[in-house]
Amino acid sequence: MSEPLRKNRDDVATSSKTTTIKVWDPIVRLFHWIVVSACVLNLFILEEGHYWHRVTGYVAAAALAIRILWGFIGTKHARFPTSFQRQ
Ligand code: HEM
């Protein structure tokens, strides 16, 4: 029973080949970095409540709206799970 497990561990330890599989599509990646940038800018760099603070905040809000829409119509891994997909 323990033999196959040890064999698998050896395979992992000695394997030099790694394969990169891109899961997230460009819209998901863009949304992620827009939110990261907007939060860093508004929390630490831009003046509270000033013009560019507001613009940055609205850009983040627009990105969120697009991401929510993408959660319904987007690619497989971007879509929100439904009971239909879980089966
Ligand atoms: C330390 C964190 C933050 C502070 C202290 C702060 C402070 C403020 C203040 C004082 C205002 C003006 C509010 C008014 O005039 O009614 C404002 C507006 C705004 N902030 Fe921030 N903010 C912060 C972080 C953020 C972040 C992370 C976002 C989004 C990424 C954001 C988005 C906005 C937006 C969209 C507005 C305009 C709201 C409006 O038009 O009524 N803020 N913020």
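FYI, it's all coordinate maths here, none of it is from the lab. The shown structure was predicted, so the numbers you read here are calculated from the model rather than taken from an experiment. Cβ sites come from the backbone with ideal geometry, for glycine too, and all protein chains shown count toward neighbours.
Of the residues G74, C39, G49, the one whose Cα sits farthest towards the positive end of the charge dipole of the range 22-83 is G74 (charges of +1 on Lys and Arg Cβ, -1 on Asp and Glu Cβ, taken about the Cα centre).
In plain terms, the bigger the Kirkwood radius, the slower the diffusion; for the range 19-86, with that radius from Cα pairs, at 20 °C and 1.002 mPa s, Stokes-Einstein puts D at 159 µm²/s. For the pair S37 and H50, label points projected 7 Å from Cα toward Cβ lie 1.9 nm apart. Ordered by the count of other Cβ atoms within 10 Å of each Cβ, fewest first, S37, S83 give S83, S37.
Summary of packing: across the peptides 62-72, 16-26, the per-residue average of other C-beta atoms within 10 Å ranks them, highest first, as 62-72, 16-26.
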